[in-house]
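**Student:** Just passing along the structure, written as structure tokens.
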Amino acid sequence: MKSLFLFFILLLSFTAQANSSCIENRSENGVIHISKINLNCPHLEMITTLPKDQGLTVSEFAEKYQTNVAINGSFFRKDLSPLGLNISQFKKWQKSNDTLARSFLACTANNRCHIDPINRITSAKPNWKLALAGWHYYSEKSGKFECSTRDKIGCSQDIFTGKHPRTMIGLDEKHNWLYLVVVEGRQLTYRGMTMDELAQLATQLNLTYALNLDGGGSSTMVIDNKRISALPLLQGSERKVANHFGVRLQR
């Protein structure tokens, strides 16, 4: 019995070490939440929302799929359909296409990921297991989140120029690390970040490319079935969103 007990202790210890080497979570000042994902880690699985799960909260999505980390995804229309190119389990969402004004993250089944830039239209590839559309595109070269030359909305509205909650996803130069970032805001003590401030954070994290995902009241991070990001002051409950991005370690 004692040897069996020791076996389970060792197993739990090994699992904790594996988790820490695959997924590193931290918070800065209690309002900036960062999850660093090792894309070379074995048994790592990334998932995006299936159309049948459209409209779940991030917490509901995280519980349903038992993710280690989950965040909200794309900007969406009033009917909760996501904007831009979105793919789940190798299948493109209906009426989901890339546009000049949108960028997206795409990943294969073996977790090879890239972020496609704005100002070009890219067709979905058969080997993409998932794709998640964002709006503004961060490039290390400019150090800024950029708008498409044809996008007048995304460069002028206060939701983009003012301080608000933010959600960002990004990659390092060698595409070995994926970063999920949620910034709180609309609170008495912390309003959030402007897009320029979010770009400064991307620079500090040494990201080569990043996407600005849906923010404001949608911005949510859930770790091990616990929401760690606070809601805006006047928002009574977690928002239902069009789609989500999750990471889990297969057992």
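**Student:** Filter region 179-198 down to the residues that are over 18 Å from residue 227 (Cα atoms) and β-branched (Val, Ile, Thr), then identify the one that is farthest from the chain's Cα centre (by Cα).
**Tutor:** If we take residues in region 179-198 being over 18 Å from residue 227 (Cα atoms) and β-branched (Val, Ile, Thr), then 189 is farthest from the chain's Cα centre (by Cα).
**Student:** Just the residues that are over 21 Å from residue 189 (Cα atoms) and crowded, with 19+ Cβ neighbours inside 10 Å, please, taken from region 224-247.
**Tutor:** 241, 242, 243, 244, 245, 246, 247, listed by residue number.
Condition check ((1) farther than 30 Å from residue 187 by Cα; (2) surrounded by 14 or more Cβ atoms within 10 Å (Cβ to Cβ); (3) modelled with pLDDT under 95; (4) not hydroxyl-bearing (Ser, Thr, Tyr)) across all residues:
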residue	(1), (2), (3), (4)
3	yes, no, yes, no
12	yes, no, yes, yes
26	no, no, no, yes
33	no, yes, no, yes
37	no, yes, no, yes
53	no, yes, no, yes
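**Student:** Only one of these is farther than 18 Å from residue 82 by Cβ and in contact with a helix residue (DSSP H, G or I) (Cβ under 6 Å, 6 or more places away or on another chain): 143, 192. Name it.
**Tutor:** 143 is the lone residue from the list that is farther than 18 Å from residue 82 by Cβ and in contact with a helix residue (DSSP H, G or I) (Cβ under 6 Å, 6 or more places away or on another chain).
**Student:** Let me ask something additional. Would it be correct to say that residue 194 is surrounded by 14 or more Cβ atoms within 10 Å (Cβ to Cβ) and either closer than 18 Å to residue 220 by Cα or not polar (S, T, N, Q) (or both)?
**Tutor:** Criteria met by residue 194.
**Student:** Do you know which of the residues in region 93-120 that are over 21 Å from residue 72 (Cα atoms) and modelled with pLDDT under 95 is surrounded by the fewest Cβ atoms within 10 Å (Cβ to Cβ)?
**Tutor:** Here the residue is 120.
**Student:** So which of 80, 85 ends up being under 17 Å from the mean Cα position of the chain (by Cα) and within 21 Å of residue 218 (Cβ to Cβ)?
**Tutor:** After applying the criteria, what remains is 85.
**Student:** Could you pull out the residue among 90, 76 that is in contact with a strand residue (DSSP E or B) (Cβ under 8 Å, 6 or more places away or on another chain), of a type in the set (Phe, Trp, Tyr) and surrounded by fewer than 18 Cβ atoms within 10 Å (Cβ to Cβ)?
**Tutor:** Exactly one residue qualifies, and that residue is 90.
**Student:** Looking at region 43-56, which of its residues are more than 16 Å from residue 113 (Cβ to Cβ) and touching a strand residue (DSSP E or B) at 6+ places or on another chain (Cβ under 9 Å)?
**Tutor:** Result: 43, 49, 50, 51, 53, 54, 56.
The values are calculated or read from the model by the stated rules, or taken from the named source; none is laboratory data. Remember, predicted model here, so these are calculated numbers, not experimental data. Positions of Cβ are generated from backbone atoms using ideal geometry, with glycine treated the same way; all protein chains shown enter the neighbour counts.
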